[in-house]
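The structure under discussion appears below in the form of structure tokens.
Derivation of every value follows stated rules applied to the coordinates shown; laboratory data play no part. The structure displayed is predicted, hence computed values, not measured ones. Ideal geometry is used to build each Cβ from the backbone, glycine not excepted, and the neighbour counts take in all protein chains shown.
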Amino acid sequence: MTKLSTILTGLLMSVAVSSVAMAEDLVINFDDPNPAPKEGFEAAVAAFEAAHPDVNVIVNINDREAHKTAIRNFLSANAPDITAWYPGNRMAPFVDAGQFEDISDLWASDSNLSRNFEAIKPTMTRHGKQWGVPYSYYQWGVYYRSDIFEENGIEVPTTWNELLGACDKLKAAGITPFTIGTKFLWTAAGVFDYLNLRTNGYDVHNALTAGEIKYTDDRIKAAFENWETMLDRCSFVANHATMSWQDAIAPFANGEAAMYVMGNFSVAAYKDAGLTEDQIDFFEFPEITPGLPRAEEAPADALFIPSGAKNKEDARKFLAFIAQPEIQGEWNKTIGQLPPNSQAPINKDDKFIVKGFETVSTAAGLAQFYDRDAPAEMAKAGMEGFQEFMIHPDRRDQILERLDKVQERVYK
Amino acid sequence: MQTKHSNGWLRANRQKIAPWVFLAPAMLFFTVYVIAPIFQSMWYSFYAWDGIGEKEWIGWGNYIELFDDDRFYVSLKNNVIWLLLYMLAVPAGLFVALFLNQNVWGMRFYKSMFFFPFVISQVVVGLIFTWFYNPNFGIVAVVWEFFGATPPSILGDERFVTYGIIFAGLWPQVAYCMILYLTGLNNVSTDQIEAGRLDGARGWRMLRYVILPQLWPATFLAIVVTVIGALRSFDMIAIMTQGGPYGSSNVLSYFMFEQALSEYGFRMGYGSSISVILFLIMMVFICYFLWVMYQEDRRG
């Protein structure tokens with residue numbers, strides 16, 4: 001594949017040189033071949049080519065999992081000019097190994113980038129420098145069956161007690177309050193992150209994922225106590241350890257479960273499972289500690305320039321181009337997500353986007369997600385611990401002590 | 001003169017040289033792709049390395065961490081369970097082979113049906129059993145609910161998960177052992193059976209003292225492939241549970257993959273140290289098998 005693309009690049013280069021003078025190639029490795037993401041990305045590329053006819057864009061699209069493996073090879077062996085990747089701790093290994101280009105100059109000189117990305121800038125920053133440009137992000141929260149809530153006379157909960165009350169009513173009606181599938185672990189991290197953000201706030205989330213406070217800290221224990229209450233009164237579907245997040249949609253779609261702590265990318269899957277716009281809705285995870293500033297999970301997807309790129313000049317042009325409000329608005333309208341540019345228009349016809357925009361734009365802080373904020377090894381051990389806790393809440397102390405041990409080693 | 005001389009030497013020794021010439025390509029690839037990586041892994045196991053950054057020499061650090069890692073002991077314990085229970089494939093394969101070793105109309109069809117699970121990919125076997133075990137719509141759920149019981153979540157419960165995967169793994173492994181025994185049974189000498197029958201041996205005694213000794217080569221082969229199969233049980237776990245729930249169905253091979261190559265891994269040094277331990281365990285068996293074969297060779 002890479003060899004083929006090199007050959008193609010070579011061929012195209014020779015053609016380009018002979019026909020259009022000075023045409024430069026710009027190679028982009030993108031990581032989502034699904035119809036909507038592909039369409040959104042290709043539209044942005046087409047717009048760039050129209051604005052910069054002297055640049056010849058070559059696109060390689062791989063699927064997400066393959067991209068995660070391939071990036072480790074192509075960054076050193078055959079670097080593209082731009083690659084898709086994730087901010088937060090996920091970019092840390094490549095930044096630290098010197099494989100991503102420092103683009104702080106672009107963030108400083110481009111007035112759009114320097115002004116309209118304030119909220120997301122910290123997650124693109126490492127060692128005080130910026131390394132990529134985000135093109136999309138999405139909110140997390142509680143997706144719920146509004147029809148079931150209505151049938152059982154349940155109001156949308158805004159506080160912890162209201163949530164527990166809603167769970168009581170759902171259980172009395174024979175409905176499991178929450179669905180989840182923890183086979184691939186990260187879904188449990190979403191629940192933990194929210195309990196931690198609502199119990200202790202944004203700073204504790206960051207301190208924990210940065211290894212500055214222990215898992216046996218009283219504040220983290222308090223979050224786990226709330227989780228135990230939630231497991232008890234707001235039970236989750238049984239057998240969640242054998243289900244993926246898509247499998248867990250089945251009980252949600254057939255009315256056995258009524259709520260789902262999830263990211264906005266899941267909306268399309270609910271609709272595919274036969275649910276209509278009138279049956280599903282979204283609310284922010286309810287307040288637990290009164291008066292605590294509300295922080296949200298909002299993972300971003302971004303584009304980076306590898307330090308081995310051949311055409312860094314045009315790559316910078318491309319990143320600045322896709323950071324523009326109109327481009328970000330159009331792109332995210334196609335893929336049903338939120339544009340990180342605060343001046344970008346959003347799709348007013350999509351109620352999840354309207355609510356999601358409201359949710360994240362008024363948030364006091366944006367977390368990336370447990371497995372993007374914490375280093376990979378810690379994230380893996382942590383998420384296994386969360387899954388174990390959901391099945392055996394009585395093992396809490398044992399799990400937290402084990403996580404302390406891992407933490408000590410990972411952050412040494 | 002010179003060429004004639006070397007030509008003459010080649011000619012004189014071609015009986016000795018020919019095998020080496022034929023072996024050379026295989027030996028070259030075996031060295032480059034098997035032997036060398038073994039030593040490379042051992043070398044890496046003394047480093048902390050994420051695969052892209054700087055390697056850092058930490059001596060026995062990875063091993064010290066490994067022997068203090070609960071997940072290592074869980075994996076090791078599961079490996080032992082795999083080894084013990086996977087051995088059931090040998091007698092089960094023998095039983096099926098004896099059962100199928102008769103001349104009935106359509107026997108070829110039955111034989112091929114019994115051999116079928118070995119032909120299909122392990123990935124498919126894993127998927128099929130994942131669905132069987134599904135407590136919501138799987139066959140396990142149907143059977144349990146028929147008796148009015150709540151179906152167990154076999155792959156979601158740390159107590160059952162390893163056994164569930166081994167059971168799935170036995171299906172193709174029994175087929176493999178069966179085919180080994182079926183070929184073995186073809187070669188059982190009829191003279192000896194006749195002689196045994198004349199001496200009044202039948203049933204169990206016939207099997208134990210006449211048939212089984214003649215099947216020893218097949219048995220030995222079945223044991224070897226089953227031990228190897230148990231130790232490298234990787235694909236089933238990757239497909240069915242990914243080592244979960246919370247690492248309780250891990251085995252060393254998957255644990256190594258998870259640490260070195262999965263999304264949350266890229267600890268090449270630590271992964272290498274796990275693979276070195278796995279290699280040492282395998283070496284015990286390999287040496288034993290080689291010793292047995294050597295002894296048999298000597299006996300002639």
Could you tell me which Cys residues in the protein assembly as shown have no other cysteine's Cβ under 4.7 Å from their own Cβ, answering none if every one has a partner? B:Cys177, B:Cys287
Along the charge dipole of chain A, which of A:Thr159, A:Ile175, A:Leu75 sits closest to the positive end, that is, farthest toward it, with unit charges on the beta carbon of Lys, Arg, Asp and Glu (+1, +1, -1, -1)? A:Leu75
Tilt relative to chain A, helix A:325-335 - C-alpha long axis, 0 to 90 degrees, to 10: 60 degrees
Output the relative contact order of chain A, whole-number percent, from Cα pairs under 8 angstrom with separation of 6+ residues. 26 percent
Over 31 Å between Cα atoms: which of A:Lys121/A:Lys380; A:Lys129/A:Lys348; A:Lys405/B:Lys55 fall into that group? A:Lys129/A:Lys348
Once both axes come from the Cα atoms, what is the angle between helix A:2-19 and the longest principal axis of chain A, in degrees from 0 to 90, rounded to 10? 40 degrees
Quick one, what does Rg over Rh come out to for chain A if you take C-alpha atoms and the Kirkwood Rh? 0.99
What does the charge dipole of chain A about its Cα centre add up to, to the nearest 20 debye, if the Cβ of each Lys and Arg holds +1 and the Cβ of each Asp and Glu holds -1? 840 debye
Net dipole in debye of the protein assembly as shown [+1 Lys, Arg Cβ; -1 Asp, Glu Cβ; about Cα centre; nearest 20]: 3720 debye
Report, as a whole number in µm² per second, the diffusion coefficient that Stokes-Einstein gives for the range A:199-321 at 25 °C and 0.890 mPa s using the Kirkwood radius over alpha carbon pairs. 132 µm²/s
Among A:Phe224, A:Pro251, A:Ala189, flag the residue with its Cα farthest along the positive direction of the charge dipole of the range A:161-261, charges on Cβ as +1 for Lys/Arg and -1 for Asp/Glu. A:Pro251
What are the semi-axes of the equivalent ellipsoid of the range B:16-120, taken as the square roots of 5 times the eigenvalues of the Cα gyration tensor, listed largest first and rounded to whole Å? 43, 28, 12
Based on the Cα gyration tensor of chain B, what are the three equivalent ellipsoid semi-axes, each the root of five times an eigenvalue, rounded to whole Å and given largest first? 37, 37, 17
Give me the percent of DSSP beta bridges within chain A that run antiparallel, rounded to the nearest 5. 55 percent
For chain B, list the DSSP H helices whose alpha carbon atoms reach 15 Å or more along the long axis and whose average Kyte-Doolittle value is 0.5 or above? B:89-100, B:107-119, B:122-133, B:161-186, B:216-231, B:268-299
What's the magnitude of the charge dipole for the range A:309-356 around its Cα centre, counting Lys and Arg as +1 and Asp and Glu as -1 at the beta-carbon? Answer in Debye, nearest 20. 140 debye
Farthest toward the dipole's positive end in chain B, which of B:Ser75, B:Ala201, B:Pro117, given Cβ charges of +1 (Lys, Arg) and -1 (Asp, Glu) about the Cα centre? B:Ala201
Ratio of Rg to Rh for the protein assembly as shown, alpha carbon only, Kirkwood? 1.04
Over the range A:265-369, equivalent-ellipsoid semi-axes from the Cα gyration tensor in Å: 30, 19, 13
Return one number: the angle in degrees, 0 to 90 and rounded to the nearest 10, between the long axis of the Cα atoms of helix A:312-322 and the longest principal axis of the Cα atoms of chain A. 50 degrees
May I ask you to order A:40-46, A:347-353 by the average number of other C-beta atoms within 10 Å around their residues, highest value first? A:40-46, A:347-353
In the range B:40-96, which GluC sites (Glu not before Pro) fall in coil by DSSP and have 16 or fewer other Cβ atoms within 10 Å? B:Glu54
